[in-house]
Amino acid sequence: MNSKIAYLPGDGVGPEVLGEARRVLELCGRIYNRSFDIVEGDIGGVAIDKHDSPLPPPTVDLVKSSDAVLLGAVGGPKYDSLPGPKKPERGLLNLRELLGNYANLRPVYVYDALADSSNVRAEIVRGVDMVFVRELLGGIYFGTPRSRDDNRALDTEVYTVEEVRRVARVAFSLAQSRRGKLTSVDKANVLESSILWRQTVNAVAKEFPNVALDHLYVDNCAMQLILKPKSFDVVVTNNIFGDILSDEGGVLVGSLGMLPSAAIGGTAGLYEPIHGSAPDIAGKSIANPIGAIASVGMMFEHSFGLPEVGTRIQRAITKAIDQGYRTRDLMPQGSVNISGLTLATTRQMADVIYKFVENPDA
Ligand code: NAD
């Protein structure tokens, strides 16, 4: 069966990590007898340079005709002074809106051998296995009115019942397939939009009697994620809280470069590592490719109905880590010379993972 995949590397470390993810994608296609038509497009800063738009018409046409989208990262200092609608990040927001992907799944899984790589104590992070479900198409990133003059700026946090209900259902279903626990995060002690959020989540809970639901205020959640991260199974929250809290996941697992994501619910799934373009390390071949490679596993699960590919990729990543391979971000305290550990470039790390995906018993 042939599927079309839009391949959008973007800016900074995006092309570096996505090139490695593409190799694993093609390998898994061969192993599982799926053929892919992978078509490259421009997004973000590189699209601004070439087409004067962060999401130019050829990319819009490409993603509209694709079964899935694989994306690297967008943005960089060169574009920071552009007006809002022209910024690289707006290209990504517009892409999510175009595809209609309202639910963003961000798994945070601490690989046992990496428990020491986190700044949080190993006994606290070892065994963490949770998923953020971030609402992706509403809230303050899209709300209007929105304005700024020299003296005053305005953004709008806005949600409808239906926007909350549909993402809540995704989160409850996911919790049902895991450990049966859902935490909804809001700021219902202060925000009207959060009161509506909480009421709606409580109403949806009646459809899922097997799921234990609790609610946390976002400030408390930020603290509990560091104090008791193992207490979480699935967390559902709005667009901006999900954006911020899931970066804490990067601290738990040892590096932001580890985390994959899937944006689902629309016409075609969008798969990307959660990190940005990392301009501080771009072009040095030291970026961690694991978040991008694991995003390929999520693509097979959610777009192609093959969750076993995700499992195979995760096992390969586990083996690479167990054998001591580390990109620089995973080296304890930034050291490069630790017995039992091998400092790997982006390519070397990906090569080891590739080998174990190809031959799990190698
Ligand atoms: P960032 O995620 O790019 O980087 C934060 C930190 O994590 C940096 O120290 C970086 O070196 C490190 N890091 C990120 N990815 C890594 C990887 N694969 N391997 C090793 N280390 C990694 O966030 P930032 O510095 O705040 O933003 C840089 C640019 O990226 C900005 O223009 C921002 O708007 C954009 N951004 C884009 C996305 C996206 O494309 N989805 C997400 C966040 C930020």
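All of the numbers you see were taken from the coordinates with simple rules; none came from a lab. Keep in mind that this is a model prediction, so the values were computed, not measured. Note that we place each Cβ from the backbone using ideal geometry, even for glycine, and neighbour counts take in every protein chain shown.
Quick look at the numbers
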item	result
Sum of side-chain charges, Gly84 neighbourhood, beta-carbon under 10 Å (Lys, Arg +1; Asp, Glu -1)	+4
The range 1-133 - percent relative contact order, Cα under 8 Å, separation 6 or more	26 percent
Cα gyration tensor shape for the range 42-133, rounded if a/c is under 1.5, else prolate or oblate	prolate
Full-stretch length increase - Thr160, Arg30 - with 0.36 nm per residue and alpha-carbon distance subtracted	42.5 nm
R0 of 35 Å, Cβ-Cβ distance Asp129-Asp219: FRET efficiency to nearest 0.05	0.90
Neighbour cut-off at most 15 other Cβ (10 Å), DSSP loop, GluC sites (Glu not before Pro), the range 130-216	Glu207
Highest-MSF residue in the chain out of Thr183, Thr237, Thr144 [GNM, Cα springs under 10 Å]	Thr144
Cα centroid of the range 32-81 to Cα centroid of the range 263-289, whole Å	12 Å
Amide N of the range 17-35 lying under 13 Å from the label point, which is placed 7 angstrom from the Cα of Glu308 along Cα→Cβ	31-34
R0 of 56 Å, Cβ-Cβ distance Glu192-Asp322: FRET efficiency to nearest 0.05	0.70
Under 12 Å, Cβ to Cβ, from Leu343 - net charge with Lys/Arg +1 and Asp/Glu -1	+1
Chain lengthening between Val39 and Gln176 when straightened (0.36 nm per residue, less Cα-Cα)	45.7 nm
Antiparallel DSSP beta bridges within the chain, percent to nearest 5	30 percent
Prolate/oblate/rounded call for the chain, Cα gyration tensor, a/c under 1.5 rounded	rounded
Contour minus Cα-Cα distance for Asp49 and Ser339 (0.36 nm per residue)	99.9 nm
Candidates per chymotrypsin sites (Phe, Trp or Tyr not before Pro) in the range 50-125, loop by DSSP, up to 11 other Cβ within 10 Å	none
Nitroxide proxy distance, nm - points 7 Å out along Cα→Cβ at Asp280 and Arg169	4.2 nm
Computed helical MRE - 222 nm, the chain, DSSP H runs ≥ 4 contributing -39500 (n - 2.57), nearest 500	-12500 deg cm²/dmol
Paramagnetic label zone (point 7 Å from Cα along Cα-to-C-beta, Asn151; backbone N under 13 Å) in the range 78-98	none
Sequence-separation-based contact order of the range 61-134, relative, with Cα cut under 8 Å and 6+ spacing, percent	25 percent
Members of Lys4/Lys50; Lys181/Lys230; Lys4/Lys86; Lys50/Lys86 lying beyond 18 Å, as alpha-carbon distances in this model show	Lys4/Lys50; Lys4/Lys86
Shape of the range 306-351, Cα gyration tensor, a/c cut at 1.5	prolate
Among Lys230, Lys50, Lys181: highest mean-square fluctuation, GNM of the chain, C-alpha pairs under 10 Å	Lys50
Most mobile of Pro77, Pro15, Pro229 in a GNM of the chain (Cα contacts under 10 Å)	Pro77
